[in-house]
Every structure is written in C-alpha cells, then in structure tokens.
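What follows is one structure encoded as structure tokens, with my remarks underneath.
What follows draws every value from the coordinates through simple rules; no lab data is involved. If you're wondering where the values come from, they're calculated on a predicted model, not measured in any experiment. Virtual Cβ from ideal backbone geometry, glycine too; neighbours counted across all protein chains shown.
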Amino acid sequence: MKRIVSRSIWIVVYYVLFSHSAVAEENMSTATSASSATDVIHQYFAVLEQGDTAGIQNLLGGALLKNRKRLLSNPTYPATLQQLYHDASFSIIETKIVDAKRVTVDAKVLWNDNRQMRLHFQLKKTTEGNYLIHAEDEIL
C-alpha cells in the first residue's frame, strides 16, 4: 500500500511540475511573439524617419510590399519621408496575438504641432520566424 501511495504522489508531483512548465513555455512564446512584432514596428518607424526605402522593403511582405514597390523605388520618396517624419514620435498603443503566425499592433504617430495619426498593422510570421508587415491602415 505504501508503494502505491508513494508512486501516486510522484505521479502528481511530476504532472504538476511539467504541466506548469508547459504553460510557462507557451506564455513565454506568446510574449516573445508580441515583443518581436513590436520590434518590427519600432524598426519600421526608424526607417521611415531616415527615409530608408530599402529598409522599409525589408520589413514589408505580401500585397503591401507589392503595392508599395513603385513608391519605394521613387528617387524623391526618401526625402519626402524624412521631411514628413523628422519631428514625429511613435508609440505602441496595443499589441494582440491573433494566432501563432499573426500579430496586430496599433500605434500612434504624434508630430510637434500636435497632429496625430493612429495606425493598425497586421504582421505575419515568415517560415524563418521573422515578422513582416502585411497590412497598414489608418484608424479613423
């Protein structure tokens, strides 16, 4: 009888330890996904300020990249971006994990003259594990 009770206790201890570590690992993975997606948005705003169109192309994917290719290849566009964003500040408002491969990020752009714009981004994870921006919409 002692052996059965002893084994039962070890089974319970084993279950508790490993079920909690699996939950912790899943929570850590979720936090990493959100963090990686917000890192991409911070990089995106940095390359916008610099007028770095090659950097912008590296952060976009899907139809958004296809739709912006012509604009990003315009030789005057980098100067336009620099002029537009030189006095802007950016902040992340909200991040939502949609599923294992998709994250949405809402951000705010604020200029020194108190103009502001809210943006909604949809990011998708690539097969390499990086996030790319697949949609950017203004929130009205």
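So if I place +1 on the C-beta of Lys and Arg and -1 on the C-beta of Asp and Glu, and nothing else carries charge, what would the dipole magnitude of the stretch 34-139 be about its Cα centre? I want it in debye, nearest 20.
My answer is approximately 420 debye.
Expressed in nm to one decimal, what extension gain is obtained for the pair Glu138 and Gln50 from 0.36 nm per residue of sequence separation less their Cα-Cα distance?
Difference between extended and current length: 29.6 nm.
Given 4 °C and 1.567 mPa s, how large is the Stokes-Einstein diffusion coefficient of the stretch 34-139 in µm²/s, with Rh as the Kirkwood radius over Cα pairs?
Rounded to a whole number, D works out at 92 µm²/s.
Under 23 Å from the Cα of Lys96, which lysines turn up, not counting those fewer than eight places away in the same chain?
Within the straight-line limit of under 23 Å, Lys96 reaches these lysines: Lys108, Lys124, Lys125.
Given 0.36 nm per residue, what is the gain on full extension from Ser89 to Asn67 after removing their alpha carbon distance, in nm?
That works out to 5.4 nm of additional length.
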